[in-house]
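Please read the structure below before turning to the comments.
The values are calculated or read from the model by the stated rules, or taken from the named source; none is laboratory data. Predicted model only: the values in this text are computed from it and were never measured. When we count neighbours, we look across all protein chains shown, and the Cβ atoms used for this are built from the backbone with ideal geometry, even at glycine.
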Amino acid sequence: MREASSAHRTIDAIWRIESAKIIAALARMVRDIGVAEDLAHDALVIALEKWPETGIPDNPGAWLMATAKRRALDLLRRNQTLGRKYEELGRVTNDWHEEEFGAGLDGEVADDLLRLIFTTCHPVLSAEARVALTLRLLGGLTTEEIAHAYLVPEPTVAQRIVRAKKTLSAARVPFEVPEGAELKPRLASVLEVLYLMFNEGYSATGGDHWIRPVLCMEALRLGRILAEIAPQESEVHGLVALMEIQASRLATRVTPTGEPILLMDQNRGLWDQLLIRRGLAALRRAEEVGGMLGPYALQASITACHARARTPEETDWVRIAALYEALAMVAPSPVVELNRAVSLSMAFGPAVGLEIVDAISAEPSLKAYHLLPSVRGDLLAKLGRTAEACEEFKRAASLTGNAQEKTLLLKRAADCSSAPEADLPRP
């Protein structure tokens, strides 16, 4: 039983990595995203049945791809209405080669994953549906993870995904990358998808792992391709810059056994300097395009402040607070306010930050957001109000779906419960 359970966990991990490629390739074959996802899951079911007995193949991605394509070809054979389209598809899909999914640009974008992103981000869908569907198909995120990322109920996300697939199928949306004037309107949704995909990899909302580097690097890879096809779009470069710099810290975000390491405790000597240089270069390109910096470029500017600081003490928190002020003007949200509170607390003291946190604590969208009590607990601890801080950390732990983060928060709660209450006046 334990061996089968271990095999299923391994298969789940493989699926997280390979599913987007498989669905994208199948979508190119059958020209229907819903059908492509069903076929991909058929292959997964077969793997779940066979692999615990036969063992994991040497190249599990290739096995899944080949199995899914055979299912697709069987479907096409049964569908007599495809006629000559089937004959054409049959000629190009007899064999699968792994390198075909590593291709980048070939004139127009020759990347199934990028085509899939633009298809799922088609204007025929609502903005919320575009993001949810793309995260589901390309990021391999569960509806629960997407709901957490968007701070909305899980059933709402599930309904959006089902309706989105039906809408795309009914509208016969082409599986392609838009060109010319059609490209720019579709970029905003694509950028939002990549942003959430990267964030889910950078700080996983669920599961046993604090980070999912594969998801981060896939979002970054697609962002780099977007920057090549839309070189005059400041926000594309801004998002790439943000992801490059954030990705530079991935190796220092967890201990060898997977426990989280917070930013101020990370070994900055181990940050990937190549990724930092690439990120700073992308940020310069965003600035050179001209105009007011957008939300992604502003966030990249904030991460650049951290990247340039050789030690935590050298961090320019006053500039970071000013950048969050600018971000709040172009993209106001309670989460931005929460981050602004943190930066102001670092620049001017925890009492300043706590005042802002308390002001937004009743915001409905933050009711289940674990970082609100986490930040409040940190500020209370710094003010010596350890008993209150302990309760906030416990509340934060109860809200997070990530096992490693829960452990960290409970440890912070335990540390506070054993610390003496400071004899300080409350602000």
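In a helix (DSSP H, G or I), surrounded by fewer than 22 Cβ atoms within 10 Å (Cβ to Cβ) and either without any contact (Cβ under 8 Å) to a residue 40 or more places away in the chain or of a type in the set (A, V, I, L, M) (or both) - does that describe any residue in the stretch 199-211?
Taking every residue of the stretch 199-211 in turn, none turns out to be in a helix (DSSP H, G or I), surrounded by fewer than 22 Cβ atoms within 10 Å (Cβ to Cβ) and either without any contact (Cβ under 8 Å) to a residue 40 or more places away in the chain or of a type in the set (A, V, I, L, M) (or both).
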Test for GLU259: is it more than 19 Å from ASN199 (Cβ to Cβ) and within 21 Å of the chain's Cα centre (by Cα): yes
Residues that are without any contact (Cβ under 8 Å) to a residue 12 or more places away in the chain and polar (S, T, N, Q), drawn from the stretch 121-166: THR156, GLN159
Flag for ILE22 being in contact with a Gly (Cβ under 9 Å, 6 or more places away or on another chain) and at pLDDT below 85: no
Meets criteria (out of contact with any Pro (no Cβ under 8 Å at 6 or more places or on another chain), buried (at least 21 other Cβ atoms within 10 Å of the Cβ), assigned to a helix (DSSP H, G or I) and free of Cβ contacts under 8 Å to residues at least 40 places away in the same chain) for LEU215: no
Any hit, the stretch 111-134, residues being among the basic types (Lys, Arg), under 20 Å from ALA25 (Cβ atoms), at pLDDT 80 or above and not assigned by TED's automatic domain parsing to the domain that holds PRO364: yes
Residues (within 15 Å of ILE211 (Cβ to Cβ) and exposed (fewer than 14 other Cβ atoms within 10 Å of the Cβ)) located in the stretch 266-283: LEU270
Hey, LEU135 hydrophobic (A, V, I, L, M, F, W, C), surrounded by 14 or more Cβ atoms within 10 Å (Cβ to Cβ), part of a helix (DSSP H, G or I) and under 16 Å from the mean Cα position of the chain (by Cα) or not: yes
Candidates LEU196, LEU220, LEU187 - the one that is within 28 Å of TRP15 (Cα to Cα), part of a helix (DSSP H, G or I), in contact with a helix residue (DSSP H, G or I) (Cβ under 8 Å, 6 or more places away or on another chain) and modelled with pLDDT of 90 or more: LEU220
Given (1) within 16 Å of the chain's Cα centre (by Cα); (2) surrounded by fewer than 19 Cβ atoms within 10 Å (Cβ to Cβ); (3) modelled with pLDDT under 85, index of the condition ASP95 fails: (1)
Per-region count, the stretch 228-249, residues in contact with an Asp or Glu (Cβ under 9 Å, 6 or more places away or on another chain) and either at pLDDT below 90 or not in a helix (DSSP H, G or I) (or both): 3
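Give the number of residues within the stretch 328-379 that are among the hydroxyl-bearing types (Ser, Thr, Tyr), surrounded by fewer than 18 Cβ atoms within 10 Å (Cβ to Cβ) and within 24 Å of GLU192 (Cβ to Cβ).
2
Could you please find all residues in the stretch 36-56 being under 15 Å from ARG136 (Cβ atoms) and surrounded by fewer than 21 Cβ atoms within 10 Å (Cβ to Cβ)?
Of everything in the stretch 36-56, those that are under 15 Å from ARG136 (Cβ atoms) and surrounded by fewer than 21 Cβ atoms within 10 Å (Cβ to Cβ) turn out to be GLU37, ASP38, HIS41, LEU44.
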Unmet criterion (only one of (1) surrounded by 12 or more Cβ atoms within 10 Å (Cβ to Cβ); (2) modelled with pLDDT under 85; (3) within 23 Å of ILE225 (Cβ to Cβ)) for LYS85: (3)
Residue within the stretch 337-348 that is over 26 Å from PRO295 (Cα atoms) and modelled with pLDDT of 95 or more present: no
Listing of helices (runs of 4 or more DSSP H) fully contained in the stretch 1-80 that carry 3 or more residues being under 21 Å from GLU145 (Cβ atoms): 2-30, 33-54
